[in-house]
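S.K.: I have a structure here, written as structure tokens, and I will follow up with some questions on it.
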Amino acid sequence: MLGVFDSGFGGLTVLKELARVLPSYNFAYLGDNARAPYGSRSFESIYRYTLEAVSFLFSINCPLVILACNTASAKALRTIQQKDLPLIAPSNRVLGIIRPMAEEIGNLTKTGHIGILGTEGTITSCSYLIEIAKFWPDLQVEQEPCPMLVPLVEKGLINHPSTEMFVKEYTQKILAKDPRIDTLILACTHYPLLQGIFAKILPENVKIASQAGVIAQKALEYLSKHTEIDSRISKNPSKSGKIRFLTTDSSDFFEKGASFFWEKPIAAEKVFLYSSNDYSHSN
Ligand code: DGL
């Protein structure tokens, strides 16, 4: 299976695109709903929780795990890739979603001025600024943390007036920092659920860069180049790969909450995450 991880429901927006471009692949989606949101947590907590989730996905036969969470990608990816992976599963891989977006963003802006909206963790890590500067050193980049948006989305308050109020506040703040911004990265996998509100509030000349589409395309390219990993991911020759939905909260909670992100009804399984040393990494 191809493992996809998020702190909660947000990664389902990425999973949907992945399943569309990789229809024969079997997926395991893991949401750490019991401990979401991650956005305002410390580096230590986000790193430890993400490592536990990755280790769990390895243990159920996912040789490749995509962190479909900007916060986990910003705070935990590098350490897991460099420090943990060589020790726990050297032939497995973990990928994040910041670098693929950074690679692409320069192709999407006309003014060369872009804005990043994300959780406090993603914004304070400056990961987007660092990665974008590697590929597009001339771009002008502003960022703004949006701490209220994930809790509102996780609670299903998508059409609540307070959600619109906060979207307005955050977009006004970032556009005041640089009125020439023409492209906004919704750098949190929960925010696509609020795309309608963003579209309503943003001036016409400001476009939203879709993260899920870019990530899925980059994953496809990665798998076609890395056949050693691709050959270890289980697939269904009939082109209708299976998806396992796993959560650290109750299956009932996940099934209800996921309905905002996933059109079809799903059956979720509750799992327990422990320290990475408790899993065996035979794959
Ligand atoms: N959806 C996640 C992201 O892309 C994290 C949200 C959270 O847990 O705060 O950053």
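S.K.: Assign one of three labels to segment 131-198, namely rounded, prolate or oblate, based on the Cα gyration tensor with a ≥ b ≥ c the square roots of its eigenvalues; rounded applies when a/c is under 1.5, prolate when it is not and a/b is larger than b/c, and oblate otherwise.
M.R.: The shape class here is prolate.
S.K.: In square angstrom, rounded to the nearest 10, how much accessible surface does ASP252 have for a 1.4 Å probe?
M.R.: Surface accessible to solvent at ASP252 totals approximately 80 Å².
S.K.: Same structure again: With a probe of 1.4 Å, find how much accessible area segment 83-224 has per residue, and write the answer as a whole number in Å².
M.R.: With the other protein chains kept in place, segment 83-224 gives 44 Å² per residue.
S.K.: Which percent of the Cα-Cα distances in the chain go past 30 Å?
M.R.: 26
S.K.: Under a 10 Å cutoff between Cα atoms, tell me which one of ASN61, ASN92, ASN159 has the largest fluctuation in the Gaussian network model of the chain.
M.R.: Between ASN61, ASN92, ASN159, it is ASN159 that shows the largest mean-square fluctuation.
S.K.: Is segment 190-283 best put as rounded, prolate or oblate by its Cα gyration tensor, with a ≥ b ≥ c the root eigenvalues, rounded for a/c under 1.5, and otherwise prolate when a/b is larger than b/c, oblate when not?
M.R.: Verdict is oblate for segment 190-283.
S.K.: Considering every pair of different Cα atoms, what Kirkwood radius, in Å, is found for segment 1-124?
M.R.: Averaging 1/r across every pair of different Cα atoms and inverting gives 15.0 Å.
S.K.: Next up: For the chain, which whole-number percentage of the solvent-accessible area (1.4 Å probe, protein heavy atoms only) is attributable to carbon and sulfur atoms?
M.R.: That share works out to 55 percent.
S.K.: On a 20 Å Cα-Cα criterion, which of the cross-link pairs LYS110/LYS218; LYS134/LYS225; LYS177/LYS207; LYS134/LYS173; LYS75/LYS134 come out too long?
M.R.: Listed pairs above 20 Å: LYS110/LYS218; LYS134/LYS225; LYS134/LYS173.
S.K.: With the Cα gyration tensor of segment 1-62 giving a ≥ b ≥ c as the square roots of its eigenvalues, does the rule (a/c under 1.5 for rounded; else a/b larger than b/c for prolate; else oblate) give rounded, prolate or oblate?
M.R.: oblate
S.K.: Given the options ALA19, ALA199, ALA76, state which has the largest fluctuation in a GNM of the chain using a 10 Å cut-off (strictly under) for Cα springs.
M.R.: In this elastic network of the chain, the residue with the biggest mean-square fluctuation among ALA19, ALA199, ALA76 is ALA199.
S.K.: Something else: Can you list the DSSP H helices in the chain whose Cα atoms extend at least 20 Å along the helix axis and whose mean Kyte-Doolittle hydropathy is -1.0 or higher?
M.R.: 43-59, 161-177, 211-225
S.K.: Moving on to the next point. For LYS239 and GLN140 in one chain, what is 0.36 nm times their gap in residues minus the Cα-Cα distance, to one decimal in nm?
M.R.: Going from the current span to full extension adds 31.4 nm.
S.K.: Where does the chain land at 222 nm, in deg cm²/dmol rounded to the nearest 500, when only DSSP H runs of n ≥ 4 count, each adding -39500 (n - 2.57), divided by all residues?
M.R.: -11500 deg cm²/dmol
S.K.: Continuing with the same structure: Calculate the all-directions average of the projected area of segment 118-232's alpha-carbon convex hull, and give it in nm².
M.R.: 8.9
S.K.: Of all beta bridges DSSP finds with both residues in the chain, what is the antiparallel percent, to the nearest 5?
M.R.: 5
S.K.: For labels at SER59 and SER259 in the simple 7 Å Cα→Cβ model, what's the distance in nm?
M.R.: 3.2
The values are calculated or read from the model by the stated rules, or taken from the named source; none is laboratory data. These numbers were taken from a predicted model, which means no experiment stands behind them. So basically every Cβ, Gly included, is an ideal-geometry build from the backbone, and we count neighbours across all protein chains shown. Please note that ligands, DNA and RNA were not included when accessible areas were found on the heavy atoms of the full protein model with its side chains. Shrake-Rupley method; radii C 1.70, N 1.55, O 1.52, S 1.80 Å.
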